[in-house]
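As structure tokens, the structure follows; a few thoughts come after it.
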Amino acid sequence: MATATKVKIKPLGDRVLIQAVELDSEQVKGGIIIPDSAKEKPQEAKVIALGTGAKDENGKVQPFNVKVGDLVIVSKYGGTEVKFDDQTYTLVREDDILGVVQ
Amino acid sequence: MATATKVKIKPLGDRVLIQAVELDSEQVKGGIIIPDSAKEKPQEAKVIALGTGAKDENGKVQPFNVKVGDLVIVSKYGGTEVKFDDQTYTLVREDDILGVVQ
Amino acid sequence: MATATKVKIKPLGDRVLIQAVELDSEQVKGGIIIPDSAKEKPQEAKVIALGTGAKDENGKVQPFNVKVGDLVIVSKYGGTEVKFDDQTYTLVREDDILGVVQ
Amino acid sequence: MATATKVKIKPLGDRVLIQAVELDSEQVKGGIIIPDSAKEKPQEAKVIALGTGAKDENGKVQPFNVKVGDLVIVSKYGGTEVKFDDQTYTLVREDDILGVVQ
Amino acid sequence: MATATKVKIKPLGDRVLIQAVELDSEQVKGGIIIPDSAKEKPQEAKVIALGTGAKDENGKVQPFNVKVGDLVIVSKYGGTEVKFDDQTYTLVREDDILGVVQ
Amino acid sequence: MATATKVKIKPLGDRVLIQAVELDSEQVKGGIIIPDSAKEKPQEAKVIALGTGAKDENGKVQPFNVKVGDLVIVSKYGGTEVKFDDQTYTLVREDDILGVVQ
Amino acid sequence: MATATKVKIKPLGDRVLIQAVELDSEQVKGGIIIPDSAKEKPQEAKVIALGTGAKDENGKVQPFNVKVGDLVIVSKYGGTEVKFDDQTYTLVREDDILGVVQ
């Protein structure tokens, strides 16, 4: 669960720091349910911090399609886990985010 | 079956949210039948929501070739399933949509 | 066999809807024969519908090199089969079409 | 052996229609011999028809480096065989042609 | 542990010279903990030297997103180890750096 | 051994026609020796004919870095062998040529 | 060990001719040690000759980041070995050079 804790990791490039959200938590908006039978396991997570941004071929930084606080759908087994202040986060590339829960 | 339910997921990039359509449903237009013997299993589905759009190399968002409500043919085993309001949806990339049923 | 049936599928992108042609049919022009021993199995088919067209990097739609009605040579095992009005069609990418029978 | 028969297949894109040439035939110019021990089996063939041409990124059709009638060296196992008028032909991409016999 | 030792290796291109940081060291800022169960093993490290820089397609050198002294998160098993003055360093590509600890 | 024989094959694209040089021959300049223990087996060869040249994305033919008569180092197992006038030649891509013996 | 011997091989493209340096030799600057336990085995080597240079997409030759005489770190198992004047050299691509020892 993401709190007002100051974020301690700045993702690089097109990476985003997210934190998995428990499905039975009250913080889950809209009641999205991930079917157990899904072949490619998705998971809901909250966006905690955006990266420095990918660059196009002219070196211009590209904006992100997600923003801090967004609830997103990601593949369960992607990215890299890190832990601080007793909480587990995941660093994923933005292209691995499938959609934003509204 | 897609209803007037407010869509709860905004797909990212070139992704599209679709919902599988039962072949014996009255909603199937034109009576397209997917042969059981087909090697690459296709499936009919309805387009529920378009993504934020892919960007070309100048960062310009590319329009989609499908629109919300289109009945499309997709590979049965592609994409990622999510579920909300007791319904199952799939997030697929637009390039994985083979055609639009007219 | 393609008839005057209204086509019910609009292929997306560089895809083309084709229908296999029986080799002993009178509709086969020119008597092209596919050798049984061919390693990469080709097949004759009729072009039924063109896709929305591939786009170049400026977003400009590229014209097709085939047109509706063309008799073409394709690999037997490529593409995705769909069926409607008791007929079987195949959705293939244009680049998988090897040549046009004249 | 290629004759004055009207060619019945127009290759698409960067493909070329060729016909294998028997090595002991009088039509073999220059006496090129393909060693049996060659790891990547080459074969001599005559160019029967050129494709519609590959396009560069601006959509401009690129010229071929071979012309109809050229005797060329190709890999024995590449391409797709088709047969008409009792003769066997092969559809290959121009980049699979290694050289032209002069 | 990085000291004031003059760095003896200038990385080439988009590579960066880093030195692993012991997690129980006082030098670890912010108390990032790498979970043992993480599938893709990350590791904290200090940036010791930047490379000559990647070049874009016009040959212009691209700036780095990290600077000497940054504490970064990298995959434990990436890069190439070298050793001098009794210390072990690792050469990694900047894109393999997941984030910067703040 | 290359002689004044008129070359009978014009390589296509970025390909080059070369002929292996015997290491104990007097024609070997500089006494380059290929160690038996080398993992990627190199071989000396003489350049017999240049191809039509690779094209850049504007269709402009790129010059070769080797010229007819150059003694070059190539991988022993690359390319395609052809034989004429009792001699064996090899067709290789220029990028597979490692260096020129001076 | 590289001596004043005239170099006999001109590398092509982005390749560089290097010669491995014995770690206990006095010529090793700075005492870089390659740990035996390193997963990707690196090795020190001296740059003997630069290639003709890689070209960008406009055909302009790109400068090298190393120069003749540089002591560099490379992967032990990359490149192709050649031997002349009783010495063994290796041809590697510049991108396989990890860093320069200063």
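Find the relative contact order for the range C:58-102 and round it to a whole percent, using C-alpha pairs within less than 8 Å whose residues are 6+ positions apart.
44 percent
Nearest-to-axis residue of chain C, judged by Cβ, for the C-to-B rotation, with distance in whole Å?
Spelled out as residue then distance in Å, it is C:E57, 7.
Filter E:K10/F:K55; F:K10/F:K60; E:K8/F:K55; D:K55/F:K76 down to the pairs with a C-alpha to C-alpha distance above 31 Å, please.
Beyond 31 Å: E:K10/F:K55; E:K8/F:K55; D:K55/F:K76.
Can you work out the FRET efficiency for the pair F:K55 and D:D85, with r the C-beta to C-beta distance and R0 = 45 Å, to the nearest 0.05?
0.80
Could you list which residues have their amide H under 5 Å from that of A:I9, counting only those 5 or more apart in sequence or on another chain, with H placed in the peptide plane?
So A:I9 has HN proximity to E:Q102.
With a cap of 12 neighbouring Cβ atoms within 10 Å, and only residues DSSP puts in a loop, list the chymotrypsin sites (Phe, Trp or Tyr not before Pro) found in the range E:47-95.
Numbers: sites: E:F64, E:Y77, E:F84, E:Y89; in loops: E:F64, E:Y77.
Listed in order of number, the matching sites are E:Y77.
Once amide H atoms are built 1.01 Å from N in the peptide plane, which residues 5 or more positions from G:K55, or in another chain, come under 5 Å H to H?
Amide H neighbours of G:K55, under 5 Å, 5+ apart: G:Q62.
No lab work stands behind these numbers, since they all come straight from the coordinates. Because the structure is a prediction, the values reported are computed rather than measured. All Cβ positions, glycine included, derive from the backbone under ideal geometry; neighbour counts span all protein chains shown.
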